[in-house]
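In what follows, a structure is listed as structure tokens, so that the remarks can point back to it.
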Amino acid sequence: MRHYYTADAIRAAEAPLLAALPDGVLMRRAAHGLASAIAGELRARSGGVFGRRVCAVVGSGDNGGDALWAATFLRRRGVAASAVLLNPEHTHAAALAAFRRAGGRTVDAIPPATDLVIDGVVGISGRGPLRPAAAEVFGASAAPVVAVDIPSGVDVHTGAADGPHVTAALTVTFGGYKPVHALGECGRVELVDIGLDLPPSTVRGLEAADVAARWPVPGPHDDKYTQGVTGILAGSATYPGAAILCTGAAVAATSGMVRYAGSAAANVVTRWPEVVAAPRAEAAGRVQSWVVGPGLGTDESAAEALHFALATELPVIVDADALTLLAAHPELVENRSAPTVLTPHAGEYQRVAGHPVGADRVAAARELAQRLGATVLLKGNVTVIAGPGASEATGIDAGASEATGSDGDVSYLNPAGQSWAATAGSGDVLSGIIGALLASGLPPTEAAAMAAYVHARAAGLSAADPGPRAVPTSAEGILAHLRSSVAQL
């Protein structure tokens with residue numbers, strides 16, 4: 001499990017170490033890790049370290065000190081090191097003195113032959129875009145950048161970049177990940193352990209081992225009913241494909257049973273003969289979750305299907321057209337005692353919430369989740385999943401523990417790593433996966449996060465199917481690779 005921490009939580013964890021260690025030890029510990037990461041990047045790009053050229057762009061404060069110490073350690077390994085001091089009067093004095101003693105030189109601009117630039121302008125306390133002088137320095141160089149802790153000009157909590165900012169090929173961070181490392185453009189991210197004692201956070205990211213450990217696997221005494229029966233209310237005469245995609249995803253996600261109810265029954269059963277179909281929800285039979293919305297339309301029959309599902313005591317995922325219907329009747333969700341999962345993209349979010357998502361996507365998801373008492377999966381290249389109990393404030397409760405934090409208290413960040421899932425019908429597949437996981441008994445926030453992880457993985461596999469070079473894919477291709485993505489876990 002990956003945990004993401006606010007700047008305040010990191011500083012609170014650093015405080016006892018700073019008090020206990022001799023002055024400068026923690027900074028040099030971080031800088032050693034930074035220098036090792038930069039050396040690895042130099043080897044990967046040019047085959048060696050000795051004789052390569054790096055230039056640190058140095059701001060005031062500890063972030064600039066980290067960059068200067070790292071350049072100093074690299075200089076001792078035979079790297080030609082220079083530094084642009086953006087604020088010479090406030091440069092970290094001890095780090096600058098060590099840099100000069102090691103043979104580092106200060107310059108007015110990044111030298112043209114530089115192999116890597118070290119971004120040491122601002123750290124986790126920084127706010128706003130790059131100042132004009134810093135933007136000019138970076139803009140004059142085409143060399144790849146290694147960012148210290150965060151890319152300067154990118155918000156540490158939201159990942160937003162409102163103006164000039166550093167585009168990093170690699171970001172090296174210390175102690176713990178911050179939300180920007182999932183939400184922002186940071187390139188590859190490496191974490192350096194500097195000995196911080198950090199509690200589990202309530203903003204998390206699932207990793208392969210986490211999903212593998214939690215994915216439903218039938219036991220020796222399970223049958224098709226005990227593994228979960230998923231009910232699908234999707235599709236219409238206009239959009240039968242949505243029903244096929246959503247139902248097929250539920251079939252592929254788990255080994256339980258899928259019941260479909262709606263006007264696309266013939267299309268669904270022709271494609272998925274294992275599905276039990278009925279013309280309407282009331283005739284579908286017993287299910288353990290409902291998926292309602294993909295391709296359903298917004299007419300009276302669609303509204304009836306949504307009302308039917310939300311009136312049950314079963315977990316319900318509300319997607320697509322059902323979100324449009326819900327925007328006019330939010331009380332249908334507000335008064336539910338059973339779990340509800342909403343899966344809006346930005347436009348659907350605005351319809352339901354009454355305002356745009358804004359720059360802070362975590363806060364936006366949490367606000368809507370709290371207001372409606374539902375889990376909210378906010379779609380995007382980085383999908384944000386927020387439970388109804390999570391705080392509206394971005395970041396974590398530094399005192400939260402994994403043992404006591406409930407499913408509703410946790411938010412998940414799921415960076416797709418690519419945008420192949422941004423294709424028509426992809427959301428229908430995601431809804432079917434979530435529905436199947438809810439039917440299996442998984443908690444709603446965890447089910448949504450696991451589904452998002454596997455969905456993104458299936459999209460990547462689909463795009464790479466013909467060979468090592470990715471090619472355009474489709475929702476059908478993503479669905480076709482769903483079982484493979486689970487199997488690889």
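The values are calculated or read from the model by the stated rules, or taken from the named source; none is laboratory data. Quick caveat, the model's predicted, so the values are computed rather than measured. Using ideal geometry, Cβ is built from the backbone for each residue, glycine included, and neighbour counts are taken over all protein chains shown. Quick note on the areas: whole protein, heavy atoms, side chains included, nothing else; ligands and nucleic acids left out. Shrake-Rupley method; radii C 1.70, N 1.55, O 1.52, S 1.80 Å.
When the charge dipole of the chain is built from unit charges on Cβ atoms (+1 for Lys and Arg, -1 for Asp and Glu) and taken about the Cα centre, the candidate among Ser419, Ala242, Thr173 whose Cα reaches farthest toward its positive end is Thr173. Can you compute the label reach from His32? Point 7 Å from Cα along the Cβ direction, backbone N cut-off under 14 Å, restricted to region 56-82. Only 70, 73-74 pass the distance filter. Would you mind telling me the share, in percent, of accessible area of region 116-215 contributed by carbon and sulfur at probe 1.4 angstrom? It is 52 percent, rounded to a whole number. Packing, taken as the mean count of other beta carbons within 10 Å per residue, orders the peptides 108-120, 83-95 from highest to lowest as 108-120, 83-95. Each residue, Arg483 and Glu334, gets one label point 7 Å from its Cα in the Cβ direction; the gap between the two is 4.5 nm.
Can you give me the Cα centroid spacing of region 3-31 and region 444-488 in angstrom? Region 3-31 and region 444-488 have Cα centres separated by 39 Å.
Charges were assigned to the Cβ only: +1 to each Lys and Arg, -1 to each Asp and Glu. The resulting dipole of the chain about its Cα centre is roughly 1680 debye. Protection proxy ranking of 370-383, 193-206, 53-66, by the mean of other Cβ atoms within 10 Å over each peptide's residues and highest first, is 53-66, 370-383, 193-206.
With 0.36 nm allotted per residue and the present C-alpha distance subtracted, the Asp8-Asp193 stretch has 64.8 nm of extension available.
Scanning residues 5 or more positions from Val258 or on other chains, those with amide H under 5 Å from its amide H are Thr230, Val276, with H placed 1.01 Å from N in the peptide plane.
In terms of overall dimensions, the chain has a Cα radius of gyration and Dmax of 25.3, 81 angstrom. Rounded to the nearest 10 degrees, the angle from helix 300-310 to the longest Cα principal axis of the chain is 70 degrees.
Dipole size of region 1-107 about its Cα centre, with +1 on Lys/Arg Cβ and -1 on Asp/Glu Cβ: approximately 660 debye, rounded to the nearest 20.
On C-alpha positions alone, give me the angle between the axis of helix 240-253 and the longest principal axis of the chain, in degrees, nearest 10. Between helix and principal axis, roughly 70 degrees.
Angle of helix 7-20 to the longest C-alpha principal axis of the chain, folded into 0 to 90 degrees and rounded to 10: 40°. With unit charges on the beta carbon (Lys/Arg positive, Asp/Glu negative), name the residue among Ala113, Ile150, Ser60 whose Cα is farthest towards the positive pole of the charge dipole of region 2-201. Going by the charge dipole, the pick is Ala113. Accessible area per residue for region 2-201 is 42 Å², calculated with a 1.4 Å probe on protein heavy atoms, without ligands, DNA or RNA. How many angstrom lie between the C-alpha centres of region 318-344 and region 255-271? Here the two parts' Cα centres lie 23 Å apart. Extent of region 2-201 along its three principal axes (Cα atoms, max minus min coordinate, largest first): 43, 38, 36 Å. Under 15 Å from a label point 7 Å along Cα→Cβ of Ala237: give me every residue in region 293-333 with its amide N that close. Of the residues in region 293-333, 296-302 have backbone N under 15 Å from the label point off Ala237. Around the amide H of Asp149, modelled in the peptide plane, lie the amide H atoms of Val172, Thr173, all under 5 Å away and 5 or more residues distant in sequence or on another chain. Between amide H atoms placed 1.01 Å from N, distances below 5 Å from Leu342 occur with Val318, Thr375, Val376, Leu377, all of them 5 or more places distant or on a separate chain.
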